[in-house]
Every structure is written in C-alpha cells, then in structure tokens.
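Below is one structure; the comments refer to it alone.
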Amino acid sequence: MSEDASTLWDGILSGGHRTALHCWEGDGYEAHPWDLMAGDAERMTAGLRRAGVEPGTRVAAILTNGPQVVRGILGVWLAGGALASLPVPARGMDAEEYGRQLLAIHAKLEPVLFLLEERMLGLLPEDLREALGARSWESFLDTGRVEATPPGEDELAFIQFSSGSTSAPKGCMLTPRAILSQVLLNWQMIGGPELSEDDVGVTWLPLSHDMGLFGQLISAWVIDRGIYMSTPERFMLSPRTWFDDMAEVGAVLAAGTNTALHLAARSYRNAAPPRELAVKTCIVGGERVEWETLQLVGELLGPYGFRSEALMPAYGMAEATLAVTATPVSEPPRRIVVDAIALAEGELEEVEPDSPTATSVVSSGVPCRGVELPGASGELGEIRVRSDSLALGYYGDPGLTAERFRDGVLRTGDLGFVSDGYLYPVGRVDDVISIGGRKVYAREIEVAIEALEGVRRGCSTVVEQPDGGGGRLTLCVELKGEEGDYDSLAAEAATLAMAKAAVPLDACMFLPRGSLPKTPSGKIQRHRCRQLLDAGRFRPLATVETG
C-alpha cells in the first residue's frame, strides 16, 4: 500500500507489500514480510472469535516487541475487537503493585481476553492469571479464519493507556480514522514522498507506547516501509545497539526520547559505530528536548555522518494518537535562550547564551498536516490542539473527557509558547510547584542539577510536601555510584536551584540507580515519587538537609 490509503484496513490488508518487518531474535534479525504477517493474523481470527472476540468487545493486552504480538494486534482487529494496550511495569514498581494496577484497569475495561506473550505468561502469579483470564498470543496461531469484521472508521479500535507520568494511566480511545490520519501525517512529517523503498528504519521503542506502535510499526505497515524492530530491554542493556544496528543495515529513519538519544550518543565517546551512519531523520520526542543532547550527538556522531539536520525535535501525546508538531525535514533544530529564573516563574525573557541564568528551550517544530494550535501565542500558556487524529476521550471517564476535550480541541496540560510559527514546549502544568506564593516550574531546576558530576541524567525530581507551615522541597536524585561527597553535592544542588529558579531546597535525598519510578518511555512519574517519599519507601544512600 502507499500514502493514498483510504482506510487503515486497506493500508494493512491490500496485499502486494514489497517490504517486511525484521524482528530481533536474540542473535540477529529475522524477516517477516508484511503480507505473510497479515495472512497469519487472519488465521488467528477463528480462535479469537471462539474466545469471545467479536464486534463491540474489548481485548486487554501487554504489547511487547515480538512478531506474535504484531500478528495478534491485527488478529484482534479483524475479529472485531477493540484492543486496549495496558501499561508494562514501570521502573520502580514491584510485582504486587503492578498486579493491582492491572486488576484495576481490567475491572474498568471488562475485556473478554487478556493477552500477552507466552514467555511472560509464566511470570504472572497463578491467581493473577486466573483473575485476568490471561492467555498467550501464541495459543491462537493457526486456529482458523472467520470473515473479517474490523471496527468501523469512527468506532472504537484502540485504547492507548497513557504512560502515567503525572497521574494514574488514562485510556485514550482511538478510531481507525484517527490512526490512519496519524499514519499519513507521520509519513508527510518525515518526508515520505522523497524516501525510496530501500530507506528503512530501526526501532527499539516499546509497542506499548504510541511512539513505538503508531509512529513506527503501524506507519511502516500501512505505507509499506521496511523496519527493524529490536527491544527496549536490549537498548537499556546496550544503548549503542540502536545506532550500531542503523549503521549495519544502512537505516535512515529513527525515533526516540531525549534521554535515550543522550544515552546512545555518549556510548560513542571511545568507540566508533561499525560503519558510517546515513541517518536522514531522527525524531526526538516523548519528553522535553535538551539542547545539550543535540549538541552531544553532533560532537560524537557527527564525524560518522550523523548531520544535525537529521535531528527532528517533535511534540506529541497519546490523546492525539501521536504527533502534533515536528521540525521540518532537513532543517536544523532551533532554540531560544531565556532567563531561567524568569522562565521558572512563567515569564519569557531572552538573554545571551553565556548569561549565568541562561537556559535553552528547544523548538518542537511547526504543526503537522491537519493540526492547529488554537490560542497559541508568544506568551507562555497551556498548549491546545485541534487535529484529525484526536482521541474520542478517556475510556470510562466522561468527567475528565469533558474537561480535556472541548469542541474538538484538546487541553493538553502542557506549557509552551509559539515564536515565528514554531512551538516551544516548556513543561507540564503538573510540574508547577508553589514557593512562598510564587509558581515555579520544577523542570528548570532538575535540568541544571542533572549536569552535575556524578548525577544520572534524567534521574532527578523535586518533590513538594506539605509540612504545616508551607511546602517542603526535597530533591530526589539518583547517583551514578553509591559513594560520593553527599554534603558537597547537596550544597551544589541547592546553589543551582537558587541560581536557576530562586528556589530554596530543604533537603537532598541521594538514591541508588533504579530507585525513581519511571514510565516505559523514561519519564519520571512525579505522583508516584511523592507517594513513595510520603510513605518512606525510598531507601536513600544519604539525605542531607539544605534548608
């Protein structure tokens, strides 16, 4: 199929696909041609129908990166079901807490099935498997074919549970029309008409996340583009596998978060990729993009063919299926340098880059095809989105749906401003903390502190706790090792917080690696950090009072 697909199902089932999905099998990639994948999915539908999947039903699933999962996604749709992607375990979440989360979502969804890979089935306690009605994707292979009855264009087809960085996961309801709109938008965004059949991509992003599922897998399938799919686990064990794989297969397309890009780039400090890189587009999103990360890519990977023009900072969310804005193809990233203290208080005051209070805000580009940003201006404010790929709302939560989705416009809960038509996201409304009557954006403090020697990048959060006489601010931060001069680090952090945002920290809690809860895409879950701190469940290396 091509970019002129009239429906999502036409794009996937049209036949005549020339390319394939290549899945990482532990010691290399194995090719799975798209048309054969579609045929295998059709031969799952009889078994799924016997298990209760039919039009109007819901199927809960854990979407891990495997070929049987990909077949099963289409199989559920062809049997008529709406697929709900449940969160994978967040970093810092124990088995008991994860089980409670699954049961809570399951009770709201009332699915006819709960599906996951065979290799994961045995990891669930027997009583939880029974309560969820869990079965494996593999158990439905070659069970027969029934007439395809996929969801209609404006019917519920997918429920994308958000990553839960600021609250409990919310289920965004998507239609086939919205998904196809996003696929075509994505294709235009990366300059698809100028790409050839040989221009393939490499992804390790989890299929449980919109960036991995819609931005990579479904877009590649509909447009008939070859793609190599690794796993998040492999990336975390060795971040350099991302660009090593791209060099080996000659891939030109990639997408990842700012944190992932930083981890991958720094892995090349003392070693070169196996071959020259030919990256044409590397989408960077999922969290605020940092100018220092983009510079690091140029410094360490530029000598091997990674041009700055290939970096594409973008902005999106599950409520819009995925992308909202993106930097135009072959255009280098933009930034505006502002005063950090003024920004922390919600004001925009441009300064020179060498100013002691300077901070860079990176642009996420211009609105994608068919997207508008109503009310956007040069003033810092909440980002609002109108798009053909907006969700219907939140599953089982009409109150929140009415609050966030109004007259075809989404209130995102994100803060940003527009300059010369380019969007500059700054942070979440939820990142605002109250200090002596001032409203301060905590992320400005955290970014500065993460530049300190010994601090893990993307592993700090400022937590506000009531203490009777006002808010108490504790910096929770992970260190690269378990030894250090905690008093000196705390003093440096407190100094930075005051210099960057005029904020007095009351305490610094130093934590071992892996302590802070994160979403699968790497964003810190602020609400869970606050809960863990309040409950005394962190096991700090040291806590230093700074107030």
I'd like the antiparallel share, as a percent to the nearest 5, of DSSP beta bridges with both residues in segment 133-279.
50
Computing the accessible area with a 1.4 Å probe over protein heavy atoms, can you report the carbon and sulfur percentage for segment 345-448?
46
Given segment 115-164 reduced to its alpha-carbon atoms as identical point scatterers, what log10 I(q)/I(0) does the Debye formula return at q = 0.25, 0.29 Å⁻¹?
-1.00, -1.02
Surface/4 estimate of mean projected area, convex hull on alpha-carbon atoms of segment 225-352, nm²:
9.5
To the nearest 0.05, how large is the calculated FRET efficiency for Arg472 and Ser330 if R₀ is 41 Å and r is the Cβ-Cβ distance?
0.25
Along the Cα-to-C-beta direction of Gln188, a point sits 7 Å from the Cα; which residues of segment 348-374 have their amide N less than 11 Å from that point?
367-372
For segment 1-106, I need the span (max minus min coordinate) of the C-alpha atoms along each principal axis, in Å, sorted largest to smallest.
46, 39, 27
Computed over the Cα atoms of segment 372-489, the Rg and Dmax in Å are 18.5, 54
Accessible area (Å², per residue) of segment 203-345, counting only protein heavy atoms and a probe of 1.4 Å:
29
Mind checking the log10 I(q)/I(0) for the chain at q = 0.10 Å⁻¹? Debye, one equal scatterer per Cα, no solvent, two decimals.
-0.82
What does the accessible area per residue of segment 379-459 come to in Å², with a 1.4 Å probe and no ligands, DNA or RNA counted?
41
So with the 1.4 Å probe, I'd like the accessible area per residue for segment 92-184, rounded to whole Å².
45
Just to verify a number: FRET efficiency for Arg513 and Glu347, C-beta to C-beta distance, R0 = 25 Å, to 0.05?
0.10
Using alpha carbons only, how many angstrom separate the centre of segment 330-353 from the centre of segment 425-445?
16
Lys523: which aspartates and glutamates have alpha carbons under 12 Å from its alpha carbon, excluding same-chain residues fewer than 8 sequence positions away?
Glu287
Over segment 241-296, with every protein chain in place, what whole percent of the accessible area is carbon and sulfur at 1.4 Å, could you tell me?
47
Contour minus Cα-Cα distance for Arg18 and Arg269 (0.36 nm per residue):
86.6 nm
Residues of segment 485-512 with backbone nitrogen within less than 17 Å of a virtual label 7 Å along the Cα-to-Cβ line of Thr543, please, listed as ranges.
486-487, 490-491, 505-512
Hull surface over four for the Cα convex hull of segment 417-547, reported in nm², is 8.8
In nanometres, the difference between 0.36 nm per residue of separation and the alpha-carbon distance of Tyr98 and Ser419 is 111.4 nm
With runs of 4+ DSSP H residues as the only contributors, calculate the mean residue ellipticity of the chain at 222 nm using -39,500 (n - 2.57) per run, divided by the residue total and rounded to the nearest 500.
-8000 deg cm²/dmol
Using the Kirkwood radius over Cα pairs, work out the Stokes-Einstein diffusion coefficient for segment 269-328 at 25 °C and 0.890 mPa s, in µm²/s as a whole number.
193
Compactness ratio of segment 122-209: Cα Rg over 2.2 N^0.38 Å, N = residue count?
1.50
Have a look at the DSSP beta bridges in the chain and tell me what percent are antiparallel, nearest 5.
60
Put +1 on the Cβ of each Lys and Arg and -1 on the Cβ of each Asp and Glu in the chain; which of Ala501, Ala84, Val440 then has its Cα farthest toward the positive end of the dipole?
Ala84
At a 1.4 Å probe radius, carbon and sulfur cover how many percent of the accessible area of segment 89-225?
50
If one computes P(r) from the Cα atoms of segment 194-274, what percent of pairs lie at distances over 15 Å?
56
Using 1/(1 + (r/R0)^6) with R0 = 51 angstrom and r between the beta carbons of Glu197 and Thr149, what's the FRET efficiency to the nearest 0.05?
0.95
Taking the Cβ of Cys529 as the centre, find all other residues whose Cβ is under 11 Å away and add up their charges (Lys, Arg: +1; Asp, Glu: -1).
+3
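The values are calculated or read from the model by the stated rules, or taken from the named source; none is laboratory data. The model shown is predicted, which means the values in this text are computed figures rather than measured ones. Virtual Cβ from ideal backbone geometry, glycine too; neighbours counted across all protein chains shown. SASA here: full protein model, heavy atoms, side chains in, ligands and nucleic acids out. Shrake-Rupley method; radii C 1.70, N 1.55, O 1.52, S 1.80 Å.
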